[in-house]
Amino acid sequence: MCLAGPAAGERYIRVDPRWLAGPAGWQALLADEGGRALSGVGDLLEPASDGASSASVFLDVWVLSVSGVRADQADVSVLDEHERQRAAKFVRDVDRHSYLSSHIALRQVLSRHLDTPPGQVEFIREACPNCGASHGRPAVPGHPVHFSLSHGGDLALVAVAGAPVGVDVEAVPKEQVAAELSTRLHPDEQCEIAAAEHPRLAFARVWTRKEAYLKGIGTGLSRSLSADYLGGTGLAALPNGWSVLDVPVPAGYAGAVALCGAAPDLRVLELPPAVVELRR
Ligand SMILES: CC(C)(COP(=O)(O)OP(=O)(O)OC[C@H]1O[C@@H](n2cnc3c(N)ncnc32)[C@H](O)[C@@H]1OP(=O)(O)O)[C@@H](O)C(=O)NCCC(=O)NCCS
């Protein structure tokens with residue numbers, strides 16, 4: 001997978017696949033982009049401690065290429081009954097694989113934060129801020145870690161943070177789809193997309209920022225897409241104290257993450273597909 005380089009405020013750490021050596025999992029060799037050795041996953045899970053970020057909450061986004069996960073090796077044993085039933089309903093194998101891989105990835109990442117085996121992580125759904133029904137943000141009961149999951153095309157993104165968070169990834173859509181869906185966005189966003197050199201890409205950026213935010217606040221797309229202005233790029237401070245940042249993802253995709261509060265350094269980490277597979 002080839003991710004774009006880190007922008008200002010981002011730290012991009014490539015995780016050495018050797019990290020998975022052994023049943024204990026993430027005890028492995030890790031190195032950041034400067035070749036600095038990290039002693040173990042604990043280093044990754046701590047808030048970035050350099051400079052300005054020390055006072056803020058942490059924000060990590062793990063990026064998985066689901067095509068790198070061998071379908072017959074995906075460790076579905078960690079999934080619960082609800083996840084298995086949902087997976088069984090997909091018509092296309094490729095969608096089932098994306099769902100399975102991303103949910104295993106989510107469990108693996110959370111298991112390190114919770115110090116719980118991935119198969120024992122329990123999920124609930126918070127109340128929807130719109131209607132009060134239990135289809136709001138996914139959460140782990142009794143634990144303050146915040147997370148968000150998105151899967152689209154070949155990618156799955158898992159955001160983990162010290163504050164409410166939403167993440168989204170989308171493949172850049174065809175021109176007609178982008179043009180149609182743009183009409184649902186905030187008027188200023190529509191203008192920016194129309195004036196952009198590459199409107200499809202501009203649309204995908206705005207859309208992922210919007211969806212990340214709406215997942216962060218828990219409404220999903222039940223809140224009007226035209227109600228909030230999130231802009232098309234960079235760091236935006238939102239009216240009610242949220243921040244939204246672009247996530248560097250491979251060409252052909254757009255990714256964004258929204259966090260409740262001031263934006264800390266964003267760490268984008270590549271999740272080795274082996275983490276999602278059965279351990280030998
Ligand atoms: C949630 C939603 C934004 C997902 O968008 P998507 O592009 O299809 O899918 P993504 O891969 O980006 O995200 C899916 C993940 O978001 C998370 N999610 C689901 N609902 C969520 C919510 N309300 N808030 C935050 N996250 C949510 C789940 O982890 C889900 O993973 P899963 O479907 O594999 O279990 C979209 O399906 C939606 O808005 N649904 C709301 C439907 C609605 O209007 N309900 C009525 C409310 S009154």
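Going by the structure shown, is Pro141 farther than 29 Å from Lys174 by Cβ and in contact with a helix residue (DSSP H, G or I) (Cβ under 9 Å, 6 or more places away or on another chain)? The answer is no for Pro141. The number of residues in the stretch 123-134 being part of a loop (DSSP other than H, G, I, E, B) and more than 6 Å from the ligand (Cβ to nearest atom) comes to 7. The set of residues from the stretch 203-229 being under 16 Å from the mean Cα position of the chain (by Cα) and not in a helix (DSSP H, G or I) comprises just one member, Gly218. Filtering the stretch 186-202 down to residues that are more than 14 Å from Gly255 (Cβ to Cβ) and within 22 Å of the chain's Cα centre (by Cα), which residue is surrounded by the most Cβ atoms within 10 Å (Cβ to Cβ)? Going through the qualifying residues, I end up with Ala202. If you check Pro173 against the conditions, is it more than 13 Å from the chain's Cα centre (by Cα) and loosely packed, with under 14 Cβ neighbours inside 10 Å? Spelling it out, it is not the case that Pro173 is more than 13 Å from the chain's Cα centre (by Cα) and loosely packed, with under 14 Cβ neighbours inside 10 Å.
Here's the yes/no breakdown for (1) within 25 Å of Pro264 (Cβ to Cβ); (2) not in a strand (DSSP E or B):
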| site | (1), (2) |
| --- | --- |
| Trp62 | yes, no |
| Ala87 | no, yes |
| Arg96 | no, yes |
| Ser101 | no, yes |
| Val109 | yes, yes |
| Ser148 | yes, no |
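Which one is farthest from Leu266 (Cα to Cα) among residues in the stretch 163-184 that are in contact with a Lys or Arg (Cβ under 7 Å, 6 or more places away or on another chain) and free of Cβ contacts under 8 Å to residues at least 60 places away in the same chain? So the residue we want is Glu175. Counting only residues that are surrounded by fewer than 12 Cβ atoms within 10 Å (Cβ to Cβ), more than 12 Å from the ligand (Cβ to nearest atom) and not hydrophobic (A, V, I, L, M, F, W, C), the stretch 86-110 holds 2 of them.
Being surrounded by 12 or more Cβ atoms within 10 Å (Cβ to Cβ) and among the hydrophobic types (A, V, I, L, M, F, W, C) is the filter here; which residues of the stretch 111-146 pass it? Within the stretch 111-146, Leu114, Val121, Phe123, Ile124, Ala127, Cys128, Ala139, Val140, Val145 qualify.
For Ser224, indicate whether it is over 16 Å from Leu59 (Cα atoms) and loosely packed, with under 15 Cβ neighbours inside 10 Å.
Yes.
Laboratory data are not the source of any read-out in this text; all were calculated from the coordinates shown. Keep in mind that what you see is a predicted model, and the values were worked out from it rather than measured. When we count neighbours, we look across all protein chains shown, and the Cβ atoms used for this are built from the backbone with ideal geometry, even at glycine.
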